[in-house]
1. Mind checking which residues of region 49-69 are under 11 Å from Gln97 (Cβ atoms), at pLDDT below 80 and not polar (S, T, N, Q)?
2. Does Phe337 meet the test of being touching a Gly at 6+ places or on another chain (Cβ under 7 Å), within 30 Å of Ala130 (Cα to Cα) and of a type in the set (Phe, Trp, Tyr)?
3. Criterion first (closer than 26 Å to Lys158 by Cβ, over 21 Å from the mean Cα position of the chain (by Cα) and surrounded by 15 or more Cβ atoms within 10 Å (Cβ to Cβ)) does Asp329 satisfy it?
4. Considering region 86-103 alone, what residues qualify as being within 14 Å of Phe125 (Cα to Cα) and either among the small types (Gly, Ala, Ser) or out of contact with any helix residue (DSSP H, G or I) (no Cβ under 7 Å at 6 or more places or on another chain) (or both)?
5. Can you tell which of Glu219, Glu186 is under 14 Å from Trp292 (Cα atoms) and not in a loop (DSSP other than H, G, I, E, B)?
6. Scan Ser376, Ser340, Ser367, Ser334 and give me the residue that is free of Cβ contacts under 8 Å to residues at least 60 places away in the same chain and not acidic (Asp, Glu).
7. What are the residue pairs meeting all of these: first residue in region 400-414, first residue at pLDDT 90 or above, second residue in a helix (DSSP H, G or I), Cβ atoms under 6 Å, and 6 or more apart or on different chains?
8. Do the conditions hold for Ala152, that is, is it more than 10 Å from the chain's Cα centre (by Cα), buried (at least 20 other Cβ atoms within 10 Å of the Cβ) and either in contact (Cβ under 8 Å) with a residue 24 or more places away in the chain or under 24 Å from Thr346 (Cα atoms) (or both)?
Amino acid sequence: MKAGSIAAIDIGDSLYGGIHVPTHDILSAIAEDFGFGTLDIVRLRGRKSKSGAPLTQSLIVLEKTNVDKISVAGVDIQGCDISHKWDMFKESLPHLQHPYSKRNWGNALHSVCSYQGKMKPALAFKLVEAFSKVGDRILDPFSGSGTIPFEAALNGRKSFGMDIGLLATSLSNAKMKRPSRAKVTEIIDSLEEYIASSQPSKKSIKDATEVKFNKTIPEYFHENTFKEIICARDFFIKNHDAQSADWALVMSCMLHILHGNRPYALSRISHPITPYAPSGDFVYKKLIEKLWVKVNKSLDTEVGDSFVPGNCYQADILVQWPEEIQDLDAIITSPPFFDSTKFYMTNWMRYWFCGWTRNDFDTQPKSFVEVIQKKSFDAYDFIFSQCHERLKFGGYAVFHLGHSDKCNMADSLKPYAEKYFSVVDIFTESVEHCEKHGIADKGGVTGHQYLVLRK
């Protein structure tokens, strides 16, 4: 077949000796060895085995690739220079190819806490792979939930992150650092003792009744569960250290179980990413019991021998960056998209647990780039100047941006970037493939852009 030709195979999975055989995944992997990339695996219909077990009939869509595409689909492309790797990325969009296109691709710690706006781990991995090599020093100054620096750490890079929020800093360090089971146990034991011996503070009760967006916070929980959550909030406000691997993990797991639509959640039935108005019965759920389930699952997750611990700093990107962040080989980041929904509102209950009061929801966002850039992109002049100061000569800075009918972010930021960098490329990718995770309003983003800069 010629390069670019398409092959479609209608195939079903099966049971052999009581063991499920995912024939479509096996054929997809074999096809890669013979020069084919998997464009898609489409579920055609459901069916059943003779024993009544559920099976599926799928269509594997393959494309005959050239040599460059085969190398992109593989794991080791370190022999290529960065410009070549970037060309291959644009040509094949490897994060959309099987197996990277799978919804659950990546290390399980990526899901230590639900988080709206999180970059797909496969995209983070492919950007890290394209713009760096093992041993490099990588920074994401908009760390968020830590997807980019965690992928860098997993793949042998020294990773750094920055974020203005306690929430994001905690989530990032829960992934970028390795906790001690003994120290984590001490923290949870102390939390359990505090809950058993304390009454909720008047301040936390006041905050909980005043912070009400979809519903008031007490409406999400059984009264006994609510009391435990209030005490836990007081405990973390007094003791939490976002720079500690142990505290970061416990805090992240606690934030994850606050609300959701599955048995792990402390709330009535809601949503795991943003706390929609709850439904269902008020059922008492023990906080420590639910917390230990999530913590044990996280502690048992392996990170592999290539993992290099990193660090995320809680810092304002619009003031002088931490001195420890120097001699960077690459900066890979995804600032807030211009047309994205208000992040702090979709995560309002987790921000409340981190200590925000009702007044904070009106005042704190004024210092967020997400809000500042609605009026002007001038703040990026300082951001680009700091990137230039911390990056080695010849290093790359890659900004993953949002494109919408209202704003072409790459074109808007280009004049600021040109003061400090050579603009290597601006590339736009459609986002029709992106999932909505049950959230109706995800903003007006129509494309993802890559602003590629070099010092």
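The values are calculated or read from the model by the stated rules, or taken from the named source; none is laboratory data. The structure displayed is predicted, hence computed values, not measured ones. Here the Cβ positions follow ideal geometry from the backbone for every residue, glycine too, while neighbour counts run over all protein chains shown.
1. Glu63, Lys69
2. Numbers: touching a Gly at 6+ places or on another chain (Cβ under 7 Å): yes; within 30 Å of Ala130 (Cα to Cα): yes; of a type in the set (Phe, Trp, Tyr): yes.
Here the answer is yes, as Phe337 does meet what is asked.
3. Spelling it out, Asp329 is indeed closer than 26 Å to Lys158 by Cβ, over 21 Å from the mean Cα position of the chain (by Cα) and surrounded by 15 or more Cβ atoms within 10 Å (Cβ to Cβ).
4. Listed by number, the residues that qualify are Leu93, Leu96, Pro99, Ser101, Lys102.
5. Numbers: Glu219 fails: under 14 Å from Trp292 (Cα atoms).
Within the list Glu219, Glu186, the selection yields Glu186.
6. Working: Ser340 fails: free of Cβ contacts under 8 Å to residues at least 60 places away in the same chain; Ser367 fails: free of Cβ contacts under 8 Å to residues at least 60 places away in the same chain; Ser334 fails: free of Cβ contacts under 8 Å to residues at least 60 places away in the same chain.
Ser376 is the lone residue from the list that is free of Cβ contacts under 8 Å to residues at least 60 places away in the same chain and not acidic (Asp, Glu).
7. Leu401/Met409; Leu401/Ala410; Gly402/Met409; Leu413/Tyr380
8. Working: more than 10 Å from the chain's Cα centre (by Cα): yes; buried (at least 20 other Cβ atoms within 10 Å of the Cβ): yes; either in contact (Cβ under 8 Å) with a residue 24 or more places away in the chain or under 24 Å from Thr346 (Cα atoms) (or both): yes.
When the stated conditions are applied, Ala152 passes them.
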